[in-house]
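Take a look at the structure below.
Values in this text are rule-based calculations from the coordinates and carry no lab data. Here the structure is a predicted model, which is why all the values come from computation and not from measurement. Here the Cβ is made from the backbone with ideal geometry for all residues, glycine too, and neighbour counts use every protein chain on show.
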Amino acid sequence: MLSFLLVEDDVFVAARIDDLLVDEGLAVIGPVGTLDKAKLLARDETLDAAVLDVNIVGGRTDDVADILTHRHIPFLFVTSCERNELPMKHREATLVHKPFKDADLMRAVRRIRLELREAFA
């Protein structure tokens, strides 16, 4: 079972994403709503991928994205930010805009699953 880190500080949005990921047969690490905890898990936890909000309690998740990139762990952003508000090095990451449709988020998650499957085939 693939494990996805979920970084989201809005409890309602986090619960919705968590439900969608679980329904997809994924193990969810989190949801995590603070930057310090997100950085710790991104650095130390065994993960296959991640879903990140950009702005959470404690600041922006830029450092979390950096850690994941360094570990070669794919991620996507679920945020109300525009692409040009992301750090330059992460502007090519998959971006799902809030408010999002479940189908849009799941299409992005399935794309990551497919990439992971192909990488390990």
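Is it the case that the range 88-97 has a residue that's farther than 14 Å from residue 8 by Cα and part of a strand (DSSP E or B)?
Looking through the range 88-97, at least one residue is farther than 14 Å from residue 8 by Cα and part of a strand (DSSP E or B).
Restricted to the range 10-60, and to residues there that are in contact with a Lys or Arg (Cβ under 9 Å, 6 or more places away or on another chain) and of a type in the set (A, V, I, L, M), the residue that is surrounded by the fewest Cβ atoms within 10 Å (Cβ to Cβ) is 13. Among the residues of the range 87-115, those identified as within 12 Å of residue 75 (Cβ to Cβ) and of a type in the set (A, V, I, L, M) are 93, 95, 96, 108, 109, 112. Here residue 1 fulfils each of the conditions (1) within 14 Å of the chain's Cα centre (by Cα); (2) not in a helix (DSSP H, G or I) apart from (1). Considering the conditions (1) in contact with a helix residue (DSSP H, G or I) (Cβ under 7 Å, 6 or more places away or on another chain); (2) farther than 19 Å from residue 37 by Cβ; (3) aliphatic (A, V, I, L, M); (4) in a helix (DSSP H, G or I), residue 103 is excluded by exactly one of them, (1).
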